[in-house]
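*Asks:* Structure in structure tokens, see below.
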């Protein structure tokens, strides 16, 4: 068994390919996925961190053997949700139910995989005026909050606001407040099958949020929490045991 934490960072890569916004290349020269991966490597130097984008190959860099070798998958998506293959979504879904960790970022709330796992619309309010976001820790005892400033001050960010149409989370770790007055459940966890899921909202493509040291710490903590290395990746199935089978 590989003793290293194996992390895959997935990003559409469409904004970067289209140079939209025009400053994204200067802000994220290695792509959003590259910045996220660099932050993870700085906090988790012993981890194996790899990246993939939608155009990596016909399976979006998420083939069966790749997922089987992944402890935690981070997912950033925005304008190409519909372009993600349903077969790939089903594969990721199966691996999450079997125990692979999943961290969904920012507008990934509308991704096929997140809405499939949560079973709700995952809709929310939004406004992109470059407002200050304060990320407040409301469950400091959770491992994802370890060593994280409260609040995390993000000078400019897209506003996400309630109502966020998600099921009641297992844990509410972070709540964000915005200069315009809205609040948002910006850091929540869920369990589906044997898999641990963390959603964290800061990270719009217009702003250098993934270079923020505290955001990087949250994502590293999230990866450690969501990972279950060595767990049997099988999904619990239906059984039909005989009476008193345990007494044999």
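*Asks:* How many of the residues making up the range 36-93 are part of a loop (DSSP other than H, G, I, E, B), in contact with a strand residue (DSSP E or B) (Cβ under 7 Å, 6 or more places away or on another chain) and within 14 Å of residue 113 (Cα to Cα)?
*Replies:* First pass over the range 36-93, keeping only residues part of a loop (DSSP other than H, G, I, E, B): 44-47, 54-63, 69-71, 77-80, 84-85.
If we keep only those that are in contact with a strand residue (DSSP E or B) (Cβ under 7 Å, 6 or more places away or on another chain) too, we end up with 47, 60-62, 69-71.
Imposing the further condition that a residue be within 14 Å of residue 113 (Cα to Cα) reduces the set to 60, 62.
The qualifying residues number 2.
*Asks:* Can you pull out the residues in the range 94-120 that are farther than 16 Å from residue 77 by Cα and touching a helix residue (DSSP H, G or I) at 6+ places or on another chain (Cβ under 7 Å)? Don't jump to the end; show me each part of the working.
*Replies:* In the first step, residues of the range 94-120 are kept if they are farther than 16 Å from residue 77 by Cα; the result is 94-101, 118-120.
Listed by number, the residues that qualify are 95, 96, 100, 101.
*Asks:* How many of the residues making up the range 165-197 are buried (at least 20 other Cβ atoms within 10 Å of the Cβ) and in contact with a helix residue (DSSP H, G or I) (Cβ under 8 Å, 6 or more places away or on another chain)? Reasoning before the result, please.
*Replies:* Of the residues in the range 165-197, the ones buried (at least 20 other Cβ atoms within 10 Å of the Cβ) are 166, 173-174, 176, 178, 184-190, 195-197.
Within this subset, residues satisfying the condition of being in contact with a helix residue (DSSP H, G or I) (Cβ under 8 Å, 6 or more places away or on another chain) are 166, 173-174, 187, 189-190, 195-197.
The qualifying residues number 9.
*Asks:* Restricting the search to the range 219-248, which residues are surrounded by 17 or more Cβ atoms within 10 Å (Cβ to Cβ) and either farther than 30 Å from residue 31 by Cβ or in contact with a strand residue (DSSP E or B) (Cβ under 6 Å, 6 or more places away or on another chain) (or both)?
*Replies:* Listed by number, the residues that qualify are 222, 223, 226, 227.
*Asks:* Given the conditions (1) assigned to a loop (DSSP other than H, G, I, E, B); (2) touching a residue at least 60 places away in the same chain (Cβ under 8 Å); (3) within 27 Å of residue 24 (Cα to Cα), which single one is not true for residue 180?
*Replies:* Checking residue 180 against (1) assigned to a loop (DSSP other than H, G, I, E, B); (2) touching a residue at least 60 places away in the same chain (Cβ under 8 Å); (3) within 27 Å of residue 24 (Cα to Cα), the one that fails is (2).
*Asks:* Right, here's the next one. Quick one: is residue 120 exposed (fewer than 15 other Cβ atoms within 10 Å of the Cβ) and under 16 Å from the mean Cα position of the chain (by Cα)?
*Replies:* Numbers: exposed (fewer than 15 other Cβ atoms within 10 Å of the Cβ): yes; under 16 Å from the mean Cα position of the chain (by Cα): no.
When the stated conditions are applied, residue 120 does not pass them.
*Asks:* Return the residues of the range 1-19 that are at pLDDT below 95 and either surrounded by fewer than 17 Cβ atoms within 10 Å (Cβ to Cβ) or in a strand (DSSP E or B) (or both); say none if nothing qualifies.
*Replies:* 1, 2, 3, 4, 17, 18, 19
*Asks:* Shifting gears a bit: Check 174, 200, 190, 246 and return the single one that is at pLDDT 95 or above and more than 24 Å from residue 95 (Cβ to Cβ). I'd like the intermediate steps shown before the answer.
*Replies:* Working: 200 fails: more than 24 Å from residue 95 (Cβ to Cβ); 190 fails: more than 24 Å from residue 95 (Cβ to Cβ); 246 fails: at pLDDT 95 or above.
Testing whether each residue is at pLDDT 95 or above and more than 24 Å from residue 95 (Cβ to Cβ) leaves just 174.
The values are calculated or read from the model by the stated rules, or taken from the named source; none is laboratory data. Just so it is clear, the model here is predicted, and its values are computed rather than measured. Quick reminder, even Gly has a Cβ in these numbers, built from the backbone with ideal geometry, and neighbours come from all protein chains shown.
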